[in-house]
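Read the structure below first, then the notes.
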Amino acid sequence: MKQVVAIVVVLAMVLSALGLALALVLGGVLGSDDPAEAPQPRTGPAPTTSPSGDATEPPDEALAPFYSQSLDWQPCESDPAHECSRLEVPLDYSEPDGETIEVAVLRVPAADPDARIGSLVVNPGGPGAPGTTYAAAGDRVFRQPLLNRYDVVGFDPRGTGGSAPVDCLSDEELTEFLAGDPAPDEPAEVDALVADLEAFFEGCVERSGDLAAHVSTVEAARDMDVLRAALGETGLTYLGASYGTKLGATYAELFPERADRLVLDGAVDVGLSSRELNLGQAAGFERALRAYVADCVDAGDCFLGSTVQEGLDRIEEFLADVDEEPIEGPGGRELSVGTAFYGLITPLYVSDYWFLLSQGLEAAFEGDPTTLLLLADTYASRTPGGEYTDNSAEAIYAINCLDDPSTTPVSEIPAQVPDFLEASPTLGEVFAWSLVGCRGLEVEPDESTRLDDIDAAGAAPILVVGTTRDPATPYEWAEALADQLEPGVLLTRDGDGHTAYNSGNDCIDEAIEAFLLEGTVPADGTTC
């Protein structure tokens, strides 16, 4: 049991290094640097970022007080080598004189101060994953050339982590919500799914108030420009993974003249509807699952079967069995079909950790769901004690549904299922039913926070990176985003797993580092 826990913690570190499209865990398993915590005293004057000149010029004079603020950096309580601060931004950018919120920021100073060239702002994805934890894990996430010359700066996007986190459910309610059947096949299960979603969004308003209507990607991108100014940077240098690519592309659309060197790794196609995004992810996870089974079969004596199709059939049969009869685990907690699904997809993000999926499935086949439950909990930032180390599992719904509030009526889902099963024979129904995910949304998204088109015209070259067998952000999305962005340049990693940087491909790493450190733009279409 101890060995299993240790392995899952290692997996969580790897997942946090990549940034995830489905709100993967980052915070608790790594050890959190909470910028909201009281800082330890420091001798001498506190460090500050004192922006000046062109860096602080606001896009609107009403925002000048926010753009002229200084960041008061203090040692983070959990690691004095890291510096924490708070950034003040408007809750509603259309009312800059109204209520404000604070954004949590963490800085890892450049390891070689004499060679420092500026600040690298980073985002791990989700939406919902805390950027402060991503930056704090810098020595496991980024390579030394970047760590030497950049202050790595992570921030928790509004509504997440330590930045006015949106709250929708109690911990117990959230555990039950995540354990629900993601592909209901009986009227009572459909009713339960609808009731759960409606209760979720009702809870967001009850627990979070006006904040629930102001956690959109556009607003987070506006916050990022206020952060750029407070850092004293005239242009933004940025590395975003997974959903972080949507955030970066949105920033480039809103502030093309401020977009300096942007790397968008594990790209999201910002032109797709929610249906098209779900179809793409269904195909991506099926591709990854097939690659995992093929690897098992090729190794010989595969516990899933002697062919890839036999292995996929065995997994599908297992999910159906769990749907029919959940497996009781430690302390009486059950592995439901919902938690089994999350336990299944989590190791698919990193091919080096496919063995965890084998370990979990083999044990579950024998009636022990311990590893799959741990994997599912890792996905949701849930501790073994039932607490959540961050709010990523809630924020992903709140943010995505503000960005795109469309939802498919439950009566129309059965007609959608065939297309999703064609994309993913094993998991297609789950992705089809995810089309009802914004059912019950209780806030009206502000039209000013939604962009119809993103092309970043006028921005400097933007490096868009895709991995050919990425499960969460299919490679086709990177191709599409590079085409949509006028300054987009496509860089391709031929490989498995989610995102490309620091995944063992020197060609990719060196190309990204040359771009960020020297401004060297690789030839469009470069493949590594």
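Read the figures in this text as sums done on the coordinates, not as results from a lab. Since the structure is predicted, the reported quantities are computational estimates derived from the model, not experimental observations. Neighbour counts are summed over all protein chains in view; Cβ atoms, including those assigned to glycine, are modelled from backbone coordinates with ideal geometry.
Once the piece of chain linking residue 412 and residue 88 is laid out straight, how much longer is it, given 0.36 nm per residue of separation minus the C-alpha distance between them? Don't skip to the end; give the middle numbers.
Numbers: separation 324, 0.36 × 324 = 116.64 nm, distance 4.37 nm.
Full extension of this stretch gives 112.3 nm more.
Taking the Cα centre of region 225-312 as the origin, how large is its charge dipole in debye, to the nearest 20, when only Lys and Arg (+1) and Asp and Glu (-1) carry charge on their Cβ atoms?
Details: 7 positive and 13 negative charges, 49 e Å.
The calculation lands at about 240 debye.
Give me, ordered by chain and number, the residues 5 or more places off residue 88 or on other chains with an amide H under 5 Å from its own placed amide H.
It is 103, by chain and number.
Using a 10 Å cut-off on Cβ atoms, rank the peptides 196-209, 478-491 from the highest mean neighbour count down. Let's see the in-between values first.
Numbers: 196-209: 18.3, 478-491: 21.9.
Going by the mean number of other Cβ atoms within 10 Å, highest first, we get 478-491, 196-209.
May I ask you to order 338-346, 398-406 by the average number of other C-beta atoms within 10 Å around their residues, highest value first?
338-346, 398-406
Defining a contact as two alpha carbons under 8 Å apart and six or more residues distant in sequence, what relative contact order in percent does region 372-446 show?
Normalised by residue count, the contact order of region 372-446 is 27 percent.
Just subtract the alpha-carbon distance of residue 79 and residue 207 from 0.36 nm times their residue separation and send over the number in nm, one decimal. Numbers along the way, then the final one.
On the way: separation 128, 0.36 × 128 = 46.08 nm, distance 3.12 nm.
Taking 0.36 nm per residue and subtracting the Cα distance, the gain is 43.0 nm.
Is the shape of region 451-492 rounded, prolate or oblate, going by the alpha carbon gyration tensor and its root eigenvalues a ≥ b ≥ c, with a/c under 1.5 for rounded and a/b larger than b/c for prolate?
Working: a/c = 3.26, a/b = 1.67, b/c = 1.95.
Taking the square roots of the gyration eigenvalues as a ≥ b ≥ c, region 451-492 is oblate.
Once both labels are modelled 7 Å past Cα along the beta-carbon direction, what's the residue 526-residue 325 spacing in nm?
Here the answer is 5.7 nm between the modelled labels.
At residue 61 and residue 102, where each label point lies 7 Å from the Cα along Cα→Cβ, what is the point-to-point distance in nanometres?
About 3.1 nm, to one decimal.
For residue 148 and residue 334, what is the calculated FRET efficiency with R₀ set at 41 Å and r taken between the beta-carbons, to the nearest 0.05?
It comes to 0.25.
Percent relative contact order of the chain, based on C-alpha pairs within less than 8 angstrom and at least six residues apart?
Working: 1164 pairs, mean separation 96.1, N = 528.
Relative contact order, the chain: 18 percent.
Mind checking region 397-439 for GluC sites (Glu not before Pro) that DSSP puts in a loop (not H, G, I, E or B) and that have at most 12 other Cβ atoms within 10 Å?
Values: sites: 412, 422, 429; in loops: none.
Counting only loop positions with at most 12 other Cβ atoms within 10 Å, none of the GluC sites (Glu not before Pro) in region 397-439 qualifies.
With a ≥ b ≥ c taken as the square roots of the eigenvalues of the C-alpha gyration tensor of region 417-528, please select rounded if a/c is under 1.5 and otherwise prolate if a/b is larger than b/c or oblate if it is not?
Numbers: a/c = 2.63, a/b = 1.40, b/c = 1.88.
Taking the square roots of the gyration eigenvalues as a ≥ b ≥ c, region 417-528 is oblate.
Find the centroid of the Cα atoms in region 113-175 and in region 344-361, then give the distance between the two in whole Å.
Taking the Cα centre of each part, region 113-175 and region 344-361 sit 24 Å apart.
Which entry in (1) 64, 49, 46; (2) 73, 61, 41; (3) 98, 46, 45 is this structure's computed Cα extents along the principal axes in Å?
Given (1) 64, 49, 46; (2) 73, 61, 41; (3) 98, 46, 45, the structure-derived one carries the label (1).
Take the alpha-carbon centre of region 375-406, take the same for region 186-217, and report the distance between them in whole Å.
13 Å
Tell me which residues come under 5 Å, amide H to amide H, from residue 495 once H is placed; ignore anything under 5 positions away on its chain.
Correct list: 468, 469.
Would you mind calculating the relative contact order of region 395-528 from Cα pairs under 8 angstrom and at least 6 residues apart, reporting the percent as a whole number?
On the way: 169 pairs, mean separation 24.9, N = 134.
Taking the mean separation of contacting Cα pairs over the length of region 395-528, I get 19 percent.
State whether region 279-338 is rounded, prolate or oblate according to the following rule on the C-alpha gyration tensor (a ≥ b ≥ c being the square roots of its eigenvalues): a/c under 1.5 gives rounded; otherwise a/b larger than b/c gives prolate, and the remaining case gives oblate.
Working: a/c = 2.42, a/b = 1.50, b/c = 1.61.
Judged from the Cα gyration tensor, region 279-338 comes out oblate (a/c at least 1.5, b/c at or above a/b).
Taking θ as phi - 60°, what are the ³J(HN,Hα) couplings along region 79-91 by the Karplus curve (6.51, -1.76, 1.60), each to the nearest whole Hz, with x for Gly and Pro?
Going residue by residue, I get 7, x, 6, 9, 10, 10, 7, 10, 10, 8, 9, x, 4 Hz, with x marking Gly and Pro.
Subtract the Cα-Cα distance of residue 114 and residue 363 from 0.36 nm times their separation in residues, and report this length gain in nm to one decimal. Please list the in-between numbers first.
Working: separation 249, 0.36 × 249 = 89.64 nm, distance 5.26 nm.
Full extension of this stretch gives 84.4 nm more.
Using a 10 Å cut-off on Cβ atoms, rank the peptides 68-74, 81-87, 349-355 from the highest mean neighbour count down.
Numbers: 68-74: 17.9, 81-87: 21.4, 349-355: 19.4.
Descending packing order for the listed peptides: 81-87, 349-355, 68-74.
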